[in-house]
Structures are given as structure tokens and as C-alpha cells.
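Peer 1: Quick one: the structure is below, questions incoming.
The values are calculated or read from the model by the stated rules, or taken from the named source; none is laboratory data. What you are looking at is a predicted structure, and each value in this text was computed from that prediction instead of being measured. Here the Cβ positions follow ideal geometry from the backbone for every residue, glycine too, while neighbour counts run over all protein chains shown.
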Amino acid sequence: MPSALADEPVEPSGEDDEPLTPAGYADYVDELGDAWAVVDEHHLEATYSFEDFATALAFTNDVGELAETEWHHPDIHLSWGEVGIEMWSHDIDGLHRSDFVMAARMDRLYAAYGDEA
């Protein structure tokens, strides 16, 4: 079942925002796909697998377009048949709700690849 997070707006963190604590992001983690993990209570990481380089590259481009549209940019690592993502809110040096919304949207993009992935 797709995450409802993917339908939420990506709202940038404000200067008064603090990074989410584990208690603050626990429910969001539960809504994400199995690809995602919280690392060091600081950022999200995911690895998506694909059948070939071309499909991994197409997914990378889709993630890039999403990032530009929402002005929330992950670190993306492309290799043959695999795309790694690292996501956090740089201005608060930690996790914000928008990171989880973006992760859910990336899961939705990945699901669209279906049998190609």
C-alpha cells in the first residue's frame, strides 16, 4: 500500500526547527518502504535495485526532477543496476518531516518501474 506521506507537501524546515528525534520520526519510518533506514539518527539512506544501468539512470533522472521541483535535494549515487540515496535537511543538519515525504515519493517513483526494477 502506498504511503500517504507521498501525497503530503514538502515544506522546508524553518530556522527555528530542530532535527526530529527517534520518537518524532518513528511513525514516518513505518510508512516508508523497506529500502529506507535511518542512519545515526541523522539521515535517511536507501538503495534501489534495477535490472540494468539504463533503468537505474532513468530512475536517477526522475529523482533529480523531483528534487528540483520540490527544491529538496538528496545525495544520489548511481552504479550499474543500483541507485543509492542519502537524504537529510542540511539547514538543520538532521531529519525533518520533508525528508520522509521525499523518501515516500521516491518509493512511489520506484514502484512505477515495476518489472523493470
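Peer 1: Restricted to the range 74-91, and to residues that are assigned to a loop (DSSP other than H, G, I, E, B) and out of contact with any strand residue (DSSP E or B) (no Cβ under 9 Å at 6 or more places or on another chain), which residue is surrounded by the most Cβ atoms within 10 Å (Cβ to Cβ)?
Peer 2: D91
Peer 1: Would you check if A6 is surrounded by 18 or more Cβ atoms within 10 Å (Cβ to Cβ), more than 14 Å from the chain's Cα centre (by Cα) and within 18 Å of A112 (Cβ to Cβ)?
Peer 2: no
Residue by residue, here is whether (1) over 15 Å from V10 (Cβ atoms); (2) of a type outside the set (S, T, N, Q) holds:
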{"residue": "A37", "(1), (2)": "yes, yes"}
{"residue": "L44", "(1), (2)": "no, yes"}
{"residue": "L57", "(1), (2)": "yes, yes"}
{"residue": "T60", "(1), (2)": "yes, no"}
{"residue": "E65", "(1), (2)": "no, yes"}
{"residue": "H77", "(1), (2)": "yes, yes"}
{"residue": "W80", "(1), (2)": "yes, yes"}
{"residue": "G84", "(1), (2)": "yes, yes"}
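Peer 1: Now for a separate question. If L66 satisfies all but one of (1) under 11 Å from the mean Cα position of the chain (by Cα); (2) surrounded by fewer than 17 Cβ atoms within 10 Å (Cβ to Cβ), what's the number of the condition it fails?
Peer 2: Only one criterion in (1) under 11 Å from the mean Cα position of the chain (by Cα); (2) surrounded by fewer than 17 Cβ atoms within 10 Å (Cβ to Cβ) is unmet by L66, namely (2).
Peer 1: Can you tell me which residue within the range 11-28, out of those that are modelled with pLDDT of 95 or more and touching a helix residue (DSSP H, G or I) at 6+ places or on another chain (Cβ under 8 Å), is farthest from V83 (Cα to Cα)?
Peer 2: Here the residue is L20.
Peer 1: What do you reckon, is A111 buried (at least 16 other Cβ atoms within 10 Å of the Cβ), of a type in the set (G, A, S) and assigned to a helix (DSSP H, G or I)?
Peer 2: no
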